[in-house]
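Colleague: Dumping the structure here so I can ask a few things about it.
The values are calculated or read from the model by the stated rules, or taken from the named source; none is laboratory data. In this text, all values refer to a predicted model and were calculated from it rather than measured experimentally. Cβ coordinates were reconstructed from backbone atoms using ideal geometry, including for glycine residues, and neighbour counts include every protein chain displayed. For accessibility, only protein heavy atoms count, side chains too; no ligands or nucleic acids. Shrake-Rupley method; radii C 1.70, N 1.55, O 1.52, S 1.80 Å.
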Amino acid sequence: MNMEPELTEQLKRVLSSLELLLPKPTAKIDWAVCHAANWRRHSFSGYLESIPSIEGIRLDDLLGIDKQKWDVEENTRQFLAGLPANNILLWGTRGTGKSSLVRAMLHSYAPEGLRVIQVDKDDLVHLPDIVDEVKDQPYKYIIFSDDVSFEVGESSYKMLKSALDGSVYAPPDNVIIYVTSNRRHLIPEYESDNRGAMMVEGEIHHGESVEEKISLSGRFGIWVAFHPFSQDQYLEVVKQWVGKLCQKKGAELEWTKEAQDEAILWSQKKGDRSGRIAYQFASSWVGRKLLATKKR
């Protein structure tokens with residue numbers, strides 16, 4: 001029986017709308033050759049999309065954060081060995097190498113079976129779906145969420161809290177969670193939060209609002225703090241980067257008092273002293289000096 005033309009057109013419009021809601025067909029990820037993936041949200045769910053190439057940063061490229069590297073690397077090695085390991089919160093000043101450290105860890109340990117799945121903060125509600133995709137794989141996965149900050153009550157906040165606590169939803173043994181944030185407690189803190197605090201036998205007991213905010217970060221087994229460099233540390237890292245960049249170009253440049261003053265002025269203009277700022281200055285200074293030599 002032929003349908004009326006008007007009804008046919010209506011069905012076509014309905015089917016077209018449904019196609020927009022459905023995720024695009026994607027090839028199943030071959031984790032033997034793919035070392036990292038992004039979770040892409042689509043309508044009510046999402047899918048894993050492989051990342052074709054990874055930033056080539058190495059652990060040796062991260063300068064001035066030796067203690068932080070040791071803490072994260074030791075925990076990651078335990079995880080890869082099938083031993084007890086902790087979820088990690090990497091927190092602190094921007095540009096100090098928090099996310100770069102996780103990527104460098106993948107670069108170093110991918111041959112040993114480490115894989116990384118990057119998940120946007122708002123997509124952490126899909127943690128059960130993400131984990132279902134990899135729980136039976138013979139690899140070890142870091143669920144990595146970068147630059148995370150919540151408001152209390154967000155659905156992603158509740159899901160992450162549940163996953164870390166393991167009370168309602170717990171990831172399998174081949175999954176661990178690494179999160180970076182500029183905030184130690186992942187949530188904005190206000191002066192009014194402490195109005196409910198009280199002293200009990202000399203011990204401070206925070207109000208309910210503070211306890212709720214601390215409760216999420218407290219579920220990470222390891223906190224790794226990243227702080228701004230002192231001026232001496234900053235200059236040392238600048239000199240190391242200058243050496244590395246010169247070596248890469250097969251050149252030599254003299255580190256002078258003038259160069260040091262330029263590096264200090266650069267950090268003052270940026271209002272920050274960090275590994276990122278040191279690298280940016282070194283790139284600019286080495287590039288300018290080497291370009292000037294070519295013009296002679």
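Colleague: Which residues, taken from segment 123-147, are over 18 Å from Ser108 (Cα atoms) and touching a helix residue (DSSP H, G or I) at 6+ places or on another chain (Cβ under 6 Å)?
Modeller: Across segment 123-147, the qualifying residues are Leu124, Val125, Leu127, Ser145, Asp146.
Colleague: When only residues in segment 160-186 that are open to solvent by 40 Å² or more (accessible area, probe 1.4 Å) and among the aliphatic types (A, V, I, L, M) count, which is modelled with the lowest pLDDT?
Modeller: Top of the filtered list is Val168.
Colleague: Same structure again: Kindly evaluate Asp132 against the criterion of being farther than 23 Å from Asp60 by Cβ, open to solvent by 50 Å² or more (accessible area, probe 1.4 Å), under 18 Å from the mean Cα position of the chain (by Cα) and not hydrophobic (A, V, I, L, M, F, W, C).
Modeller: On the way: farther than 23 Å from Asp60 by Cβ: yes; open to solvent by 50 Å² or more (accessible area, probe 1.4 Å): yes; under 18 Å from the mean Cα position of the chain (by Cα): no; not hydrophobic (A, V, I, L, M, F, W, C): yes.
No, not satisfied.
Colleague: Give me the residue from segment 205-225 that is farther than 30 Å from Ile143 by Cα and in contact with a helix residue (DSSP H, G or I) (Cβ under 8 Å, 6 or more places away or on another chain) and, out of that set, modelled with the highest pLDDT. Please lay out each step first, then the result.
Modeller: Looking only at segment 205-225, we keep the residues that are farther than 30 Å from Ile143 by Cα, and these are 205-207.
With the extra rule that they be in contact with a helix residue (DSSP H, G or I) (Cβ under 8 Å, 6 or more places away or on another chain), the set shrinks to 206-207.
Numbers: His206: 52, Gly207: 49.
The qualifying residue modelled with the highest pLDDT is His206.
Colleague: Which of (1) small (Gly, Ala, Ser); (2) at pLDDT 85 or above; (3) out of contact with any Cys (no Cβ under 7 Å at 6 or more places or on another chain) is the odd one out, the single condition Ser16 does not satisfy?
Modeller: Of everything listed in (1) small (Gly, Ala, Ser); (2) at pLDDT 85 or above; (3) out of contact with any Cys (no Cβ under 7 Å at 6 or more places or on another chain), Ser16 misses just condition (2).
Colleague: So which pairs qualify, if the first residue must be in segment 77-106 and within 11 Å of Ile142 (Cβ to Cβ) and touching a residue at least 40 places away in the same chain (Cβ under 8 Å), the second must be of a type outside the set (A, V, I, L, M) and assigned to a helix (DSSP H, G or I), the Cβ gap must be under 7 Å, and the two must be at least 6 apart or on different chains?
Modeller: From segment 77-106, the pairs are Leu80/Tyr109; Leu80/Glu112; Ala85/Asn75; Ala85/Gln78; Ala85/Phe79; Ile88/Asn75; Met105/Glu73; Met105/Thr76.
Colleague: Could you tell me which residue of segment 269-296 is most open to solvent (accessible area, probe 1.4 Å), considering only residues that are assigned to a loop (DSSP other than H, G, I, E, B) and within 20 Å of His227 (Cβ to Cβ)? Don't jump to the end; show me each part of the working.
Modeller: Here is the first cut: in segment 269-296, the residues assigned to a loop (DSSP other than H, G, I, E, B) are 271-274, 296.
Retained after the next criterion (residues that are within 20 Å of His227 (Cβ to Cβ)): 271-274.
On the way: Gly271: 63, Asp272: 20, Arg273: 84, Ser274: 1 Å².
Among residues in segment 269-296 that are assigned to a loop (DSSP other than H, G, I, E, B) and within 20 Å of His227 (Cβ to Cβ), the one most open to solvent (accessible area, probe 1.4 Å) is Arg273.
Colleague: In contact (Cβ under 8 Å) with a residue 60 or more places away in the chain, hydrophobic (A, V, I, L, M, F, W, C) and either over 30 Å from Lys158 (Cα atoms) or not in a helix (DSSP H, G or I) (or both), is that true of Trp255? Steps first, answer last, please.
Modeller: Numbers: in contact (Cβ under 8 Å) with a residue 60 or more places away in the chain: no; hydrophobic (A, V, I, L, M, F, W, C): yes; either over 30 Å from Lys158 (Cα atoms) or not in a helix (DSSP H, G or I) (or both): yes.
Judged against the criteria, Trp255 is not a match.
Colleague: Now, a different point. Give the residue that is surrounded by the fewest Cβ atoms within 10 Å (Cβ to Cβ), with candidates limited to residues of segment 112-129 that are under 14 Å from the mean Cα position of the chain (by Cα), within 25 Å of Ala32 (Cβ to Cβ) and of a type in the set (A, V, I, L, M).
Modeller: The extreme case among them is Ile117.
Colleague: Give me a count of the residues in segment 226-285 that are under 16 Å from Gln68 (Cβ atoms) and modelled with pLDDT of 95 or more.
Modeller: 0
Colleague: I've got another one for you. When Pro23 is evaluated against the numbered criteria (1) at pLDDT below 80; (2) under 16 Å from Phe144 (Cα atoms), which criterion, by number, is the only one it fails?
Modeller: So the condition that Pro23 fails would be (2).
Colleague: Can you say whether Phe150 is over 19 Å from Asn38 (Cα atoms), open to solvent by less than 40 Å² (accessible area, probe 1.4 Å) and not in a helix (DSSP H, G or I), as far as the supplied structure shows? Spell out the reasoning first.
Modeller: Details: over 19 Å from Asn38 (Cα atoms): yes; open to solvent by less than 40 Å² (accessible area, probe 1.4 Å): yes; not in a helix (DSSP H, G or I): yes.
In short, yes.
Colleague: Across segment 239-252, what is the total count of residues that are in a helix (DSSP H, G or I) and open to solvent by 100 Å² or more (accessible area, probe 1.4 Å)? Spell out how you get there, then give the answer.
Modeller: Applying the first criterion (in a helix (DSSP H, G or I)) to segment 239-252 yields 239-248.
Within this subset, residues satisfying the condition of being open to solvent by 100 Å² or more (accessible area, probe 1.4 Å) are 247-248.
Residues meeting the conditions: 2.
Colleague: Since Trp91 meets every condition but one in (1) of a type in the set (Phe, Trp, Tyr); (2) closer than 15 Å to Val179 by Cα; (3) out of contact with any strand residue (DSSP E or B) (no Cβ under 6 Å at 6 or more places or on another chain), which condition does it not meet?
Modeller: (3)
Colleague: Among the listed residues Trp223, Trp266, which satisfies the condition of being assigned to a strand (DSSP E or B), open to solvent by 50 Å² or more (accessible area, probe 1.4 Å) and out of contact with any Gly (no Cβ under 7 Å at 6 or more places or on another chain)? Steps first, please.
Modeller: Working: Trp266 fails: assigned to a strand (DSSP E or B).
Trp223 is the lone residue from the list that is assigned to a strand (DSSP E or B), open to solvent by 50 Å² or more (accessible area, probe 1.4 Å) and out of contact with any Gly (no Cβ under 7 Å at 6 or more places or on another chain).
Colleague: Would you check if Leu63 is more than 16 Å from the chain's Cα centre (by Cα), at pLDDT below 90, over 27 Å from Leu160 (Cβ atoms) and in a helix (DSSP H, G or I)? Explain how you work it out, then say what you get.
Modeller: Details: more than 16 Å from the chain's Cα centre (by Cα): yes; at pLDDT below 90: yes; over 27 Å from Leu160 (Cβ atoms): yes; in a helix (DSSP H, G or I): no.
So Leu63 does not fit the description; no.
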